[in-house]
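Okay, so here's the structure we're looking at.
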Amino acid sequence: MLGTVIVSAILSGCASHSDLPSATSRASLTNDVNDYQYLIGPGDQLSIFVWRNPEISGSFIVRPDGKVTTSLVEDVEVAGRTPTMLARQLEEQLSTYINNPRVTVSVNGFVGPFSEQVRVIGEATNPRAVNYTQHMTLLDLMIQVGGLTEFANGNSAKLVRVVQGQQTTYNIAIDDLIREGDITKNVDILPGDVVIIPEAWF
């Protein structure tokens with residue numbers, strides 16, 4: 001009985017708190033489908049090669065905080081950078097220890113930052129986050145999530161995109177695209193897009 005009273009008191013206290021603030025909108029660096037560059041993210045495996053310095057070259061996994069630790073430089077912030085940007089950054093940092101270092105960075109096991117992934121939620125057969133691929137379209141995305149469920153209202157779907165720091169919502173007609181074959185309803189997808197597919201009202 002006492003436990004029930006305590007739990008009720010805790011829940012009553014929780015109920016008086018205000019709502020959490022909305023999640024931070026993080027725009028992708030890609031805002032043009034013809035100018036996509038892969039950005040490094042947590043979980044990526046990096047191969048860092050320092051010319052003539054094999055002892056400090058090697059493979060590194062990007063930590064959840066977006067950093068890696070190398071032999072000479074600790075806690076290097078790598079998430080959100082292109083491999084080329086990271087190579088130039090490491091050259092600058094390593095120049096303290098090495099004369100005129102030359103660095104090459106390549107990525108294996110692509111994951112990328114959350115801000116670069118495309119999310120599909122609602123009445124898709126397999127709603128999930130999808131790694132963005134250059135020149136991805138809505139049709140490509142729907143193939144990856146297995147299309148629509150039988151309960152989906154695809155023509156009432158929305159695409160949410162961060163444009164100049166603000167979330168913008170667009171109408172998309174997925175039913176017409178994949179059930180009617182109307183290819184004019186296909187649209188370009190950008191990193192960070194969110195596709196929301198509602199349930200139909202019968």
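A few remarks follow.
- Between Thr84, Ala129, Ala23, the Cα set farthest toward the positive side of the dipole of the chain (charges on each charged residue's Cβ, about the Cα centre) is that of Thr84.
- Note on exposure: Tyr36, Tyr97, Tyr132 ranked by accessible area (1.4 Å probe, complete protein assembly) read Tyr97, Tyr36, Tyr132, with the most exposed listed first.
- Put a dot 7 Å past the Cα of Glu74, heading toward its Cβ, do the same for Thr125, and the two dots end up 5.1 nm apart.
- For region 96-202, the normalised intensity computed at q = 0.16, 0.17 Å⁻¹ comes to -0.70, -0.78 (log10 of I(q)/I(0), Debye sum over alpha carbons, equal scatterers, no solvent).
- Residue (of Asn108, Ile172, Phe151) at the positive-pole extreme of the chain, dipole from beta-carbon charges: Asn108
- Among Glu55, Glu91, Glu116: highest mean-square fluctuation, GNM of the chain, C-alpha pairs under 10 Å: Glu55
- Here region 44-202 is treated with +1 on each Lys and Arg Cβ and -1 on each Asp and Glu Cβ, and its dipole about the Cα centre works out to around 360 debye.
- Helix 83-94 axis, angle to the chain major axis (alpha carbon atoms, nearest 10°): 40
- For region 25-107, diffusion coefficient by Stokes-Einstein and Kirkwood Rh (Cα), 20 °C, 1.002 mPa s, µm²/s: 161
- Per residue accessible area in Å² of region 41-103, where ligands, DNA and RNA are left out and the probe is 1.4 Å: 56
- Heavy-atom accessible surface of region 94-193: percent carbon and sulfur, 1.4 Å: 47
- Mean separation of Cα pairs under 8 Å and 6 or more residues apart, divided by the residue count, gives the chain a relative contact order of 21 percent.
- Calculated FRET efficiency, Ala23 to Arg102, Cβ-Cβ distance, R0 = 41 Å: about 0.55 to the nearest 0.05.
- Solution diffusion estimate, µm²/s, Stokes-Einstein, the chain, Kirkwood Rh from C-alpha pairs, 37 °C, viscosity 0.692 mPa s: 164
- Principal-axis analysis of the Cα atoms of the chain puts helix 2-15 at an angle of about 80° to the longest axis.
- Rounded to 5, the percent of DSSP beta bridges in the chain classed as antiparallel: 85
The values are calculated or read from the model by the stated rules, or taken from the named source; none is laboratory data. Since this is a predicted model, take the numbers as computed values, not measurements. Counting neighbours? That spans all protein chains shown, and the Cβs are built from the backbone with ideal geometry, glycine included. Accessible surface areas use protein heavy atoms only, side chains included; no ligands, DNA or RNA. Shrake-Rupley method; radii C 1.70, N 1.55, O 1.52, S 1.80 Å.
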